[in-house]
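What follows draws every value from the coordinates through simple rules; no lab data is involved. What you are looking at is a predicted structure, and each value in this text was computed from that prediction instead of being measured. So basically every Cβ, Gly included, is an ideal-geometry build from the backbone, and we count neighbours across all protein chains shown.
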Amino acid sequence: MKKYNNNNNNNSPENILLLNKIKDKSLFPENIIIEFKNLFSRKMNKELTDNSLFQWHDRAYNLQCKIDSFNNKSLVLCINISVVIPYYICYILEIEHSEKSETLKFIPRRNFVIENGLYLTFLEQTKIILEKEFHVKEFPKELLYESIKGINFQDIEIEKFNYFNAFFLNDYFTNYI
């Protein structure tokens, strides 16, 4: 099996095509994202911020809003809308600070328990807006973290590259720290 090294110096046709798709954003132009943010704000009573890092070759918009804060924890809704394929993912990151300092106890992490419990309705309402108003589909959860053999990208090692990395982001990221 051929091993692909997709670093920033790669001039392969595949890498050039990917970088052009990221730059072009024709699947979801910025005016559509602005329209979505406005509709989300009206329907959900929350303001989304755009934390996308296309200059770092992210493959998706990274829209976020803080949905709760208690004790030393914050919960952040993340909506990643791919510019490579017509799919999105929606999840909640948990951020926890040390009690005695402003440092993080751990890096922001996805909280599946909260997603399937207390905030399930909130996530479902967000998904309805995305799917009904903007005709984008949720990426299949069962494939999201499946490894794609023989490929690496930027700082992601071969055998650790997955569909989340391919179509959305290198890792979870938030500015709400």
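In table form, for the structure just shown:
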| item | result |
| --- | --- |
| Using a Förster distance of 30 Å, the FRET efficiency for residue 166-residue 128 (Cβ separation, nearest 0.05) | 0.70 |
| Cα centroid separation - segment 124-138 against segment 72-101, whole Å | 18 |
| Formal net charge of residues neighbouring residue 103 (Cβ-Cβ distance under 15 Å; K, R +1; D, E -1) | 0 |
| Label-to-label distance, nm, for residues given as residue 154 and residue 45 (7 Å Cα→Cβ offset) | 3.6 |
| Positive-end residue, the chain charge dipole about Cα centroid, Cβ charges, pick of 77, 16, 114 | 16 |
| Contour minus Cα-Cα distance for residue 23 and residue 143 (0.36 nm per residue) | 40.6 nm |
| Dipole in debye (nearest 20) - segment 4-167, about Cα centre, beta carbon charges: Lys, Arg +1; Asp, Glu -1 | 200 |
| Two-decimal ratio, segment 4-167, of alpha-carbon radius of gyration to 2.2 N^0.38 Å | 1.11 |
| Of 23/127; 46/100; 37/137; 21/127, those spanning more than 19 Å from alpha-carbon to alpha-carbon | 23/127; 46/100; 21/127 |
| Sites residue 70 and residue 105, calculated FRET efficiency, Cβ-Cβ separation with R0 25 Å, nearest 0.05 | 0.95 |
